[in-house]
1. Residues to consider are 66, 91; find the one that is assigned by TED's automatic domain parsing to the domain that holds residue 123, buried (at least 24 other Cβ atoms within 10 Å of the Cβ), outside any helix (DSSP H, G or I) and modelled with pLDDT of 95 or more.
2. Any idea which residue in region 288-317 is surrounded by the fewest Cβ atoms within 10 Å (Cβ to Cβ), counting only those that are modelled with pLDDT under 65 and hydrophobic (A, V, I, L, M, F, W, C)?
3. Report, by residue number, each residue of region 175-191 that is of a type in the set (Gly, Ala, Ser) and either more than 28 Å from residue 260 (Cα to Cα) or touching a Pro at 6+ places or on another chain (Cβ under 7 Å) (or both).
4. For region 142-158, check the following and say yes or no: at least one residue is crowded, with 17+ Cβ neighbours inside 10 Å, basic (Lys, Arg) and without any contact (Cβ under 8 Å) to a residue 24 or more places away in the chain.
5. Counting only residues that are of a type outside the set (S, T, N, Q) and either part of a loop (DSSP other than H, G, I, E, B) or not assigned by TED's automatic domain parsing to the domain that holds residue 91 (or both), which one in region 36-54 is surrounded by the fewest Cβ atoms within 10 Å (Cβ to Cβ)?
6. Can you find a residue that is on the phi > 0 side of the Ramachandran plot and not in a strand (DSSP E or B) anywhere in region 166-185?
7. Which one of these is touching a helix residue (DSSP H, G or I) at 6+ places or on another chain (Cβ under 8 Å) and of a type in the set (S, T, N, Q): 156, 137?
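The values are calculated or read from the model by the stated rules, or taken from the named source; none is laboratory data. Because the structure is predicted, anything quoted here is derived from the model rather than measured. Methodologically, a virtual Cβ is constructed for each residue, glycine included, from the backbone with ideal geometry; neighbour enumeration extends over all protein chains shown.
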Amino acid sequence: MKRLIECVPNFSEGRDIHKVDAIVAAMREVPGVYLLDRESDADHNRSVITLAGEPEAVAEAALRGVGKAAELIDLNHHSGAHPRLGATDVVPFIPIEGVTIEDCVALAKKTGNEIWKRFHIPVYFYEAAAQRPERANLENIRKGQFEGVREEALRNPDRAPDIGGPALHATAGATVVGARKFLIAFNINLNTPDVEIARKIGKSIRFSNGGLRYVKAMGVDLRARNLAQVSINMTDFEQTPLHRVFEMVRREAQRYGVSIVGSEIVGLVPKRAIELTADFYLQFENFSPEQVFENRLEASLGSDPVAGAGKLEALARPFLDAVAAPTAAPGGGSASAYAGALAASLGQMVAALSRKKKSQAAYVDELSDSLARLHASADALAKAIDLDAASFDAVMAAYKLPHATSDEEAARERAIQSALKGAATVPLEVARRAAEVFDMLGQLEPISSPSMASDVKVGRLLAAAAVEGALENVRINLESITDAGSVARFREESNAIQGRIAARA
């Protein structure tokens, strides 16, 4: 399963483009991380960078950005319209695909600890990762900004960081790390330089003052444009859509005799948010997102080209067809690795769903640890599907080497023996991994939801089958290996793995 997250680190620099370039370059050094967007605002003196990719890679990229920002940004010489607490002000992780908010919370905690360990920058946790209820709201943490928190954290334990401190970093302050849903940063500009009007409007629409749910807002002075701005964060655009916020700001502005001159999205916005707004303003009758061309095209391209195939069948069919084809690879070794990966994937599902249930609240940390280990095993076993087929191809290639002369014969025999050892090593590693999955599922059973007991048992059966199947592939290759010492070592470990599974089944 593909695992994707978004991370939107905010850096307290929006005027020196060379510093922002250096921070972005540091993050882009990590393979597998995609830079989706970058926005810099001189009035706010802030840059918002949007990254996406595999969770671990994105977290490492964010860490490198934090380190580079600490080198380049000194908050003692920083000013801007936007509140800030750190050189890297906030680092939120957002689940996109194959990842839950709980996964992002665990990643936020790990990243926060690493920020303190690597850079000695204290960390606060917010939103879903908050360790105290009052810190779920970012503005509560950032109240007083760098200068105020720097003093208060020393004398008031309630304001001290969650990790590190109580003293803030001398120049980089503190970083706020968290996990949240997709947030839309939505700014509305007014045709007045009077920032007090924008502040009053922000106060009237934000939820903390009795306004719209899932809305945070404040007034900002855009001196460069001689305008006031209502700067808004929308934490759930489906519950409180863009058009409702826009209309409320427009009506409030009219009360003060001003109007809206424009609005902007900072960073990226989901297509669904624009669809909801278009539907409202254009007053479509019987509108459905399926009428959007791109949505229909995506659905069509993602469907199975084989008539009558369901979505899940379409996902499985290519591998099934490859195994069924009249070729020697992929064969039993690849099928064994696939069974092991399925077992680990079932375990991931059980751990992730159990972690959400109140009945299993006491086991959240253990379930999170199981989830991470099972994910690593599933990845390794999935890679072994191709590795096993490739090792078989290497054996076949060795047998086809020329052997007309004694030198060629000797070279060919060495290549065959080397390839055979490789062909035995891959399934032995599959057996090791599958046996670990078998044990992990056994450990998962007593701490997971009882309603998912059958999923755990199916996973263990698949893991046991993966072990047996992989060991059969080890044995068949050992029959042709002439190095008695290597054969003995392979057999010894194979027997140990098989005995362990038999004892615990």
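1. 91
2. Going through the qualifying residues, I end up with 307.
3. 178, 179
4. Within region 142-158, one or more residues are crowded, with 17+ Cβ neighbours inside 10 Å, basic (Lys, Arg) and without any contact (Cβ under 8 Å) to a residue 24 or more places away in the chain.
5. In this case the residue turns out to be 42.
6. No, there is no match, as no residue in region 166-185 is on the phi > 0 side of the Ramachandran plot and not in a strand (DSSP E or B).
7. Every option except 137 fails the conditions.
Each row is one residue, and each column tells you yes or no for (1) over 17 Å from residue 337 (Cα atoms); (2) free of Cβ contacts under 8 Å to residues at least 60 places away in the same chain; (3) crowded, with 17+ Cβ neighbours inside 10 Å; (4) not acidic (Asp, Glu).
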{"position": "396", "(1), (2), (3), (4)": "yes, no, no, yes"}
{"position": "434", "(1), (2), (3), (4)": "no, no, yes, yes"}
{"position": "444", "(1), (2), (3), (4)": "yes, no, yes, yes"}
{"position": "451", "(1), (2), (3), (4)": "yes, yes, no, yes"}
{"position": "455", "(1), (2), (3), (4)": "yes, no, yes, no"}
{"position": "464", "(1), (2), (3), (4)": "no, yes, yes, yes"}
{"position": "485", "(1), (2), (3), (4)": "yes, yes, no, yes"}
{"position": "504", "(1), (2), (3), (4)": "yes, no, no, yes"}
